[in-house]
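Scroll down for the structure; my scribbles are underneath it.
The values are calculated or read from the model by the stated rules, or taken from the named source; none is laboratory data. As the structure is a computational prediction, the values presented were derived from the model and not from experiment. FYI the Cβ positions are ideal-geometry reconstructions off the backbone, even for glycines, and counts take in every protein chain you see.
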Amino acid sequence: MRRIAVLSSGGDAPGMNAAIRAVVRAGIYNGLEVIGVSHGYSGLMAGEVSSMSLGSVADIIHRGGTILYTARSEEFKTPQGQQKAYAVLRQHEVDGLIVIGGDGSFRGAQALSRLGVPTIGIPGTIDNDIPCCDQTIGFDTAVNTAIDAIDKIRDTATSHERTYVVEVMGRHAGDIALHVGLAGGAESVLIPEVPFQMDEVIRKLERSVARGKKHSIIVVAEGAASGLDVGKYLTEHTGFDVRVTVLGHIQRGGAPSFRDRILASQLGEYAVQLLMQGVSGKMVSTHNGMSQAVDFDTVFTTPRQPSLELFRLADILAI
Ligand code: ADP
Ligand code: F6P
């Protein structure tokens, strides 16, 4: 193994830069040449590659986003697109590829691995929706960002005695909402993995008002319902003064938390080690804090859901 490449793909996540830095530094430490691919698979197909020096990843461990840019590409999902990418990797004599992204990105990584390019995936997405993984890079920061926002919203909710509906990201997964709801002291948390009835949400709100509470916060995962719809329903069916906040992309930005920096550093270095050992077609992750490598097929076929234990706890504590 002489030359490896790294790219980021899918939605950006805080900590992707720390992972890129770890790949570049660990690669060079081990005598490898490291190439950066810009704009994910679409840049790979277009041959957007450049050599990464130690200095090229200086001063990025604390920055959100990704210096390699990221993209989503429909063309790369086709066999023709994958052949194009394969040809670019061969042309640049790349002996191994590291892909930082979510499960969609790993499907692309698996396709390249099957074409004969040793490929390792690093889970980078705020959604925390990847199986066989304690946490994905970016999740911790996104949750902290959303909690910070909710703490601020709570001030206004208290002052005006209002009900706030806060919609958070997560695509089809409820992890962000669940952690934000529990840590932010929400009255209700609506996630796609647990069916809910609006009548029950209203009953809980009325119960808390009856015991003297003057404001409420309801956290809604975007995959469970639209925050605007929930707000409209509450306005139409209760006498509460309701406001809706959709947190949106602020959850994707900002300086990565120490946890995300450490996770990214650990997984980036481990991914390089695996390529050097001739491993391919696997995702690196941590399980109980220890690094592990899991076949992409296992990642794709293992069911996952957020902790129902935490969901139960959030419900109990919102009494
Ligand atoms: P994430 O990696 O965060 O899940 P996406 O699902 O948008 O994000 O996937 C990112 C990119 O990975 C897609 O734009 C596409 O180029 C590639 N990709 C997704 N699914 C596949 C697939 N089934 N086969 C090949 N490439 C894929
Ligand atoms: O996968 C990360 C994520 O932020 C999801 O939570 C969200 O559904 C989606 O990406 C938004 O994508 P876009 O950046 O294309 O708006």
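Check the stretch 52-73 and report whether any residue there is over 15 Å from Ala22 (Cα atoms), in a loop (DSSP other than H, G, I, E, B), modelled with pLDDT of 95 or more and of a type in the set (Val, Ile, Thr). Within the stretch 52-73, one or more residues are over 15 Å from Ala22 (Cα atoms), in a loop (DSSP other than H, G, I, E, B), modelled with pLDDT of 95 or more and of a type in the set (Val, Ile, Thr). Note on the stretch 246-289: among residues that are under 14 Å from Asn17 (Cα atoms) and without any contact (Cβ under 8 Å) to a residue 12 or more places away in the chain, the one that is nearest to ligand 1 (Cβ to nearest atom) is Ile262. Cβ separations smaller than 9 Å between residues 6+ apart or across chains give the following pairs from the stretch 123-134 residues that are touching a residue at least 60 places away in the same chain (Cβ under 8 Å) and farther than 19 Å from Arg252 by Cα to residues that are within 12 Å of ligand 1 (Cβ to nearest atom) and of a type in the set (Asp, Glu): Pro131/Asp103. The set of residues in the stretch 78-105 that are over 9 Å from Met45 (Cα atoms), part of a helix (DSSP H, G or I) and small (Gly, Ala, Ser) comprises Gly104, Ser105.
The number of residues in the stretch 284-312 being over 25 Å from Ala177 (Cβ atoms) and buried (at least 18 other Cβ atoms within 10 Å of the Cβ) comes to 4. Just a yes or no: is a residue in the stretch 191-210 under 23 Å from Gly253 (Cα atoms) and surrounded by 14 or more Cβ atoms within 10 Å (Cβ to Cβ)? Within the stretch 191-210, one or more residues are under 23 Å from Gly253 (Cα atoms) and surrounded by 14 or more Cβ atoms within 10 Å (Cβ to Cβ). On the stretch given as the stretch 37-46, residues that are surrounded by fewer than 22 Cβ atoms within 10 Å (Cβ to Cβ) and either within 12 Å of Leu97 (Cβ to Cβ) or in contact with a His (Cβ under 8 Å, 6 or more places away or on another chain) (or both) total 1. A single entry from Asp140, Asp95, Asp148 fulfils the requirement of being of a type in the set (D, E, K, R), within 16 Å of ligand 2 (Cβ to nearest atom) and out of contact with any His (no Cβ under 7 Å at 6 or more places or on another chain): Asp140. Looking at the stretch 69-87, which of the residues that are aliphatic (A, V, I, L, M) and in contact with a helix residue (DSSP H, G or I) (Cβ under 6 Å, 6 or more places away or on another chain) is nearest to ligand 1 (Cβ to nearest atom)? Among those residues, the one meeting the criterion is Ala71.
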